[in-house]
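Read the structure below first, then the notes.
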Amino acid sequence: MKTIFITGASTGLGKAVAKLFAARGWKVVATMRKPENEKELTLIDNITLLPLDVTNVAQIKETTQKAIAAGNIDVVFNNAGYGLLGPLESTTDEQLVRQLNTNILGVIRVTQAFIPYFRERQQGLFISTTSIGGLITFPFSSVYHATKWALEGWSESMAFELKKIGVGIKTVSPGGIKTDFLSRSADMSSHPAYEKWLTHMFAGINEDHFTPAEQIAEVVYEAATDGADKLRYVAGEDAKTFYAQRLQLGDEGFRKQMEQTLLGN
């Protein structure tokens, strides 16, 4: 029986992945900041909950060591993250640091903690939730995009060195996921100078059109089990459409189209 270690498993995609892998016979180590609050995953026999705040360096080391001591880990799914939205001008330094610590440094540090274990076994796989926002950009999301584009570049570079020790790394780049992302997993800054464009952009967003988390979880499962030497998995019809448009129109053409569509005049 294989085992997957998941960060950010309390809600949304992380929880959907935990439930899917458990249902397909995997052992799951589901980590979250407050496992004592989790009511659903505790009822599933092959899921173990552990505490993990990916911004806490000491806890990363402690929790990864506990997970490894409990049994073999085959896949590490770096999923913890959230979106910081709004104008950079009104973003506080506290918001900036928290976004970078969670979305990029958290992934790097969790990965770094598992590399010696995978290297000694000469096998293992890292999968990270990036975003279509790591391949294209939207207005008023600059710091979020900075972390997701960083994850994509970091993963591509890591693929070279990890392959030499028998270890894989992949990214799953979803579009909109039908969870409470905008209300729960998003942090918003605002500024009156940009209000009309923010209002225009968010008026066009309808989370009902997003992809269910369970469908994105299937892509994570594919990445974990297909054995393919492949780095990126674009997930969700909206993400595939946006990425295809970017490749077709080119960087500048796509950027101008997005500006007109999302911000108007």
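The values are calculated or read from the model by the stated rules, or taken from the named source; none is laboratory data. Since we're looking at a predicted model, the values are computed, not measured. We place every Cβ from the backbone using ideal geometry, glycine too, and count neighbours over all the protein chains shown.
Numbers at a glance
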{"quantity": "Selection count, region 196-252, where residues are touching a residue at least 12 places away in the same chain (Cβ under 8 Å), farther than 20 Å from Glu152 by Cβ and in a loop (DSSP other than H, G, I, E, B)", "calculated": "4"}
{"quantity": "From Ala193, Ala186, residue being in contact with a strand residue (DSSP E or B) (Cβ under 6 Å, 6 or more places away or on another chain), surrounded by fewer than 17 Cβ atoms within 10 Å (Cβ to Cβ) and either more than 16 Å from Val76 (Cβ to Cβ) or without any contact (Cβ under 8 Å) to a residue 60 or more places away in the chain (or both)", "calculated": "Ala186"}
{"quantity": "Candidates Gly81, Gly133, Gly166 - the one that is of a type in the set (Gly, Ala, Ser) and assigned to a helix (DSSP H, G or I)", "calculated": "Gly133"}
{"quantity": "Qualifying residue in region 39-57 (condition: surrounded by fewer than 14 Cβ atoms within 10 Å (Cβ to Cβ) and either in contact with a Leu (Cβ under 7 Å, 6 or more places away or on another chain) or closer than 24 Å to Leu100 by Cβ (or both))", "calculated": "yes"}
{"quantity": "Leading residue by the ranking (farthest from the chain's Cα centre (by Cα)) among those in region 177-194 that are closer than 17 Å to His145 by Cα and at pLDDT 70 or above", "calculated": "Ser189"}
{"quantity": "From the options Arg119, Arg98, residue that is of a type in the set (D, E, K, R), within 19 Å of the chain's Cα centre (by Cα), modelled with pLDDT of 95 or more and assigned to a helix (DSSP H, G or I)", "calculated": "Arg98"}
{"quantity": "Pick from region 214-246, criterion of a type in the set (Val, Ile, Thr) and surrounded by fewer than 16 Cβ atoms within 10 Å (Cβ to Cβ), ranking: nearest to Ala9 (Cα to Cα)", "calculated": "Thr225"}
{"quantity": "Test: Glu161 is among the acidic types (Asp, Glu), surrounded by fewer than 17 Cβ atoms within 10 Å (Cβ to Cβ) and over 17 Å from the mean Cα position of the chain (by Cα)", "calculated": "yes"}
{"quantity": "Test: residue in region 8-16 that is under 15 Å from the mean Cα position of the chain (by Cα) and on the phi > 0 side of the Ramachandran plot", "calculated": "yes"}
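So that you can scan it fast, the table gives a plain yes or no per residue for (1) over 28 Å from Leu263 (Cα atoms); (2) of a type in the set (D, E, K, R); (3) out of contact with any Leu (no Cβ under 7 Å at 6 or more places or on another chain); (4) modelled with pLDDT under 95:
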{"site": "Phe140", "(1), (2), (3), (4)": "no, no, no, yes"}
{"site": "Ala150", "(1), (2), (3), (4)": "no, no, yes, no"}
{"site": "Ser155", "(1), (2), (3), (4)": "yes, no, no, no"}
{"site": "Thr171", "(1), (2), (3), (4)": "yes, no, no, no"}
